[in-house]
Amino acid sequence: MTKGTFILASVWLVTTAHAQTPRLVRAVGEAVIMVKPDLAKLNVGVITQAATAREANVQNAARVEGVLAQLRQVLGPAADIQTTSYSLTPNYRYNQDLPPILTGYTASNIVEVNISDLSVVGTVIDAASQAGANNVGGLQFTIKDQEPVRMQVLGLAAKQGRAHAEAIVAGLGGRIGAIFSATEGATVSPLVRGETPTAAAPTTPIETGLVQVRATVTIDAELLQ
């Protein structure tokens, strides 16, 4: 699953004035792994406007039901879909020195669609748009089970941090003693797409690309002579 690895490490020396306090060397190792995604997340929404709040809500509900039915037709009845936001807000027209005039209402309903089969992402976008969705975007790719990759990249970062610390200490004529502390940090950065246009072609072309998993490990080790 690993596409490529880039590793960076830096170190600096920490000393103290008291002889009884161990001298420490601090090393920061960083590793990056690029992996292929296996999950896509897509925001699909319907925005409607009408003269009254009820009309806006009713129109929105009807169109959302049609969109959901079409999505389940593509992804199956057990499709992973959940509502992320709903709003019903008044619209006003503003004139200078005059009170605002109510012109109608806007209803917005947005759902997040989780797609495991990345080959149908373009089909899902097209199906949603054709069924009445007019707010489709926020497409991002990620990985379902992140822990194995996180463990791998943390291990690489830790090894590189220690290796660089040992190299620095060896250059100073010393050696590494006990490891006093180790601090981890890891992030998974999905590729984020902008607003997805409605397709003019039979199927919207989608390139999944790669997902970046980055980790840093900071170690404090005893510096021995």
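The values are calculated or read from the model by the stated rules, or taken from the named source; none is laboratory data. Small disclaimer: the values here were computed from a predicted structure and weren't measured. Neighbour counts are summed over all protein chains in view; Cβ atoms, including those assigned to glycine, are modelled from backbone coordinates with ideal geometry. The accessibility values were calculated without ligands, DNA or RNA, using every heavy atom of the protein model including side chains. Shrake-Rupley method; radii C 1.70, N 1.55, O 1.52, S 1.80 Å.
See the values below:
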{"item": "Only one of ALA27, ALA9, ALA50 that is modelled with pLDDT of 95 or more and not β-branched (Val, Ile, Thr)", "result": "ALA50"}
{"item": "ILE176 being open to solvent by less than 70 Å² (accessible area, probe 1.4 Å) and either basic (Lys, Arg) or closer than 25 Å to ILE206 by Cβ (or both)", "result": "no"}
{"item": "Any hit, segment 152-165, residues being within 23 Å of THR208 (Cβ to Cβ), in contact (Cβ under 8 Å) with a residue 60 or more places away in the chain and crowded, with 17+ Cβ neighbours inside 10 Å", "result": "yes"}
{"item": "Test for GLU30: is it acidic (Asp, Glu), over 20 Å from ALA128 (Cβ atoms), in a strand (DSSP E or B) and in contact (Cβ under 8 Å) with a residue 40 or more places away in the chain", "result": "yes"}
{"item": "So THR187, is it among the β-branched types (Val, Ile, Thr), open to solvent by 30 Å² or more (accessible area, probe 1.4 Å), modelled with pLDDT under 95 and in contact with a helix residue (DSSP H, G or I) (Cβ under 8 Å, 6 or more places away or on another chain)", "result": "no"}
{"item": "Residue that is nearest to LEU68 (Cα to Cα), among those in segment 134-151 that are touching a residue at least 40 places away in the same chain (Cβ under 8 Å), aliphatic (A, V, I, L, M) and not in a loop (DSSP other than H, G, I, E, B)", "result": "VAL136"}
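Per-residue answers, yes or no, for (1) part of a loop (DSSP other than H, G, I, E, B); (2) surrounded by fewer than 13 Cβ atoms within 10 Å (Cβ to Cβ); (3) among the aliphatic types (A, V, I, L, M):
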position	(1), (2), (3)
LEU68	no, no, yes
ALA78	yes, yes, yes
THR83	no, yes, no
TYR86	no, no, no
ASN91	no, no, no
GLN96	yes, yes, no
VAL111	no, no, yes
ASP126	no, no, no
GLY132	yes, no, no
